[in-house]
Amino acid sequence: KAYERTVRGDFSIEGLRGIDLQGKTIGVVGTGSIGKHVIRIAKGFEMNVVAFDVMKNNKLAKMLGFKYVDFEYLLKNSDIVSLHVPYNKSTHHMIDSKAISKMKEGAIMINTARGGLIETSALLQGLQTGKIGGAGLDVLEEECFIKEEKQILSKDFLKECETGVKNISWRN
């Protein structure tokens with residue numbers, strides 16, 4: 001809708017969905033290489049940044065102007081929660097129904113790390129009830145490990161990779 005309006009020279013925002021990032025709080029889980037870039041971008045939008053990481057980098061926090069908090073504080077106070085941690089036993093389903101219940105009403109969940117960090121059924125429940133206002137995911141909980149994107153385009157992809165996701169039509 002926004003694109004079509006722009007083409008017509010109509011720059012009104014009435015009826016469009018979205019939020020202003022300025023002044024919102026983003027909770028960054030994992031402040032490694034990708035997490036630190038997310039923090040830089042968020043600061044560019046004049047967002048408040050809180051972060052959780054098991055290995056705090058206080059020099060980085062001072063340099064980029066964010067503060068480390070515990071995981072529960074991050075969930076309770078973030079308008080957006082963005083995940084950037086590896087998948088292992090301790091991070092498996094770190095976002096489950098218990099974590100979602102602690103989140104700010106209408107918060108947005110972003111996961112560009114690993115699918116297994118989020119319990120899919122809990123996320124769906126959170127979206128259906130409105131506890132979670134939206135989700136940006138480029139990973140799914142039960143997706144297989146894909147080394148190269150061209151694997152997805154292969155006619156044998158579904159034979160080789162059980163995604164756990166039903167009713168998706170794949171195009172060759």
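The values are calculated or read from the model by the stated rules, or taken from the named source; none is laboratory data. These figures come from a predicted structure and were not determined experimentally. Using ideal geometry, Cβ is built from the backbone for each residue, glycine included, and neighbour counts are taken over all protein chains shown. Note: accessible area is taken over every heavy atom of the protein model, side chains too, but ligands, DNA and RNA are not part of it. Shrake-Rupley method; radii C 1.70, N 1.55, O 1.52, S 1.80 Å.
Which of the following residues is loosely packed, with under 14 Cβ neighbours inside 10 Å, modelled with pLDDT under 55 and of a type in the set (Gly, Ala, Ser): Gly164, Gly136?
Going through Gly164, Gly136 in turn, just one is loosely packed, with under 14 Cβ neighbours inside 10 Å, modelled with pLDDT under 55 and of a type in the set (Gly, Ala, Ser): Gly164.
Could you tell me whether Ile100 is under 18 Å from Gly134 (Cβ atoms), free of Cβ contacts under 8 Å to residues at least 40 places away in the same chain and in contact with a strand residue (DSSP E or B) (Cβ under 8 Å, 6 or more places away or on another chain)?
yes
Return the pair list, or none, for Cβ contacts closer than 8 Å from residues in region 44-58 that are closer than 17 Å to Ile19 by Cα to residues that are open to solvent by 80 Å² or more (accessible area, probe 1.4 Å) and part of a strand (DSSP E or B), at least 6 apart or on different chains.
Val49/Lys67
Which of the residues spanning region 1-44 are among the polar types (S, T, N, Q) and surrounded by fewer than 15 Cβ atoms within 10 Å (Cβ to Cβ)?
Within region 1-44, Thr6, Ser12, Gln22, Ser33 qualify.
With the requirement that a residue be open to solvent by less than 60 Å² (accessible area, probe 1.4 Å) and more than 22 Å from Met94 (Cβ to Cβ), what does region 48-73 give you?
Selection gives Leu64, Gly65.
Of the residues that sit in region 70-89 and are of a type in the set (Ser, Thr, Tyr) and modelled with pLDDT of 95 or more, which one is farthest from Lys24 (Cα to Cα)?
Tyr73
Cβ-Cβ distance below 9 Å, separation of 6 or more or different chains: which pairs start in region 7-21 with a residue that is within 20 Å of Gly133 (Cα to Cα) and end on one that is open to solvent by 100 Å² or more (accessible area, probe 1.4 Å) and of a type in the set (Asp, Glu)?
Sorted first by the residue in region 7-21, then by its partner, the pairs are Leu21/Glu46.
Here is a yes/no grid of residues against (1) under 17 Å from the mean Cα position of the chain (by Cα); (2) in a helix (DSSP H, G or I):
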residue: Arg5; (1), (2): no, yes
residue: Gly9; (1), (2): no, no
residue: Gly18; (1), (2): yes, no
residue: Gly23; (1), (2): no, no
residue: Gly27; (1), (2): yes, no
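Looking at (1) at negative phi; (2) more than 19 Å from the chain's Cα centre (by Cα); (3) not hydroxyl-bearing (Ser, Thr, Tyr), which is the only condition Val85 fails?
The failed condition is (2).
Which of the residues that make up region 95-123 are at pLDDT 95 or above, of a type outside the set (D, E, K, R) and surrounded by fewer than 13 Cβ atoms within 10 Å (Cβ to Cβ)?
Ser101, Gly106
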